[in-house]
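Asks: I have a structure here, written as structure tokens, and I will follow up with some questions on it.
Since every read-out is calculated from the coordinates, none of them should be taken as a lab result. All values derive from a computational prediction rather than experimental measurement. Cβ sites come from the backbone with ideal geometry, for glycine too, and all protein chains shown count toward neighbours.
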Amino acid sequence: MACNCNLPIITNSRGIPYFTTQNITVGTTAVDFALGLFRGLPPAGYITIRIANPIPTGTTTTLPVTFTLNGLARNVTLLDGSNATVADITGANIITLFNDRENGILQIISQTN
């Protein structure tokens, strides 16, 4: 089979961005995990988040989850496109997400408890 050497090769020399939650805010409409500031995040790709702060006991498990990065809160979705809730990430330590900033996608790919 012939090589088509004109195809672009996409690489990420910095690896997958890794964030640790700084704090959690439990509101009446969502539970938000603050991730802080990060410059140079690619517009699309994977990110890894370490949940350093447990969700407070007694938090309503049906509340949607958001992550705030660079001052912008974004809804987190599951693979089927539905909003992730507290019940979906309770007990998680590490979450891998697909981030597509231009299309507003922040989707859980996997998690480790």
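Asks: If each residue's Cβ is checked for other Cβ atoms within 10 Å, how do Thr112, Thr57, Thr21 rank with the fewest at the top?
Replies: Values: Thr112 11, Thr57 6, Thr21 19.
With the sparsest Cβ surroundings first, the list reads Thr57, Thr112, Thr21.
Asks: On to the next question. Starting from one equal scatterer on each C-alpha and no solvent at all, send me the Debye-based log10 I(q)/I(0) for the stretch 18-112 at q = 0.13, 0.17 Å⁻¹, two decimals.
Replies: After summing over all Cα pairs, the log10 values are -0.38, -0.67.
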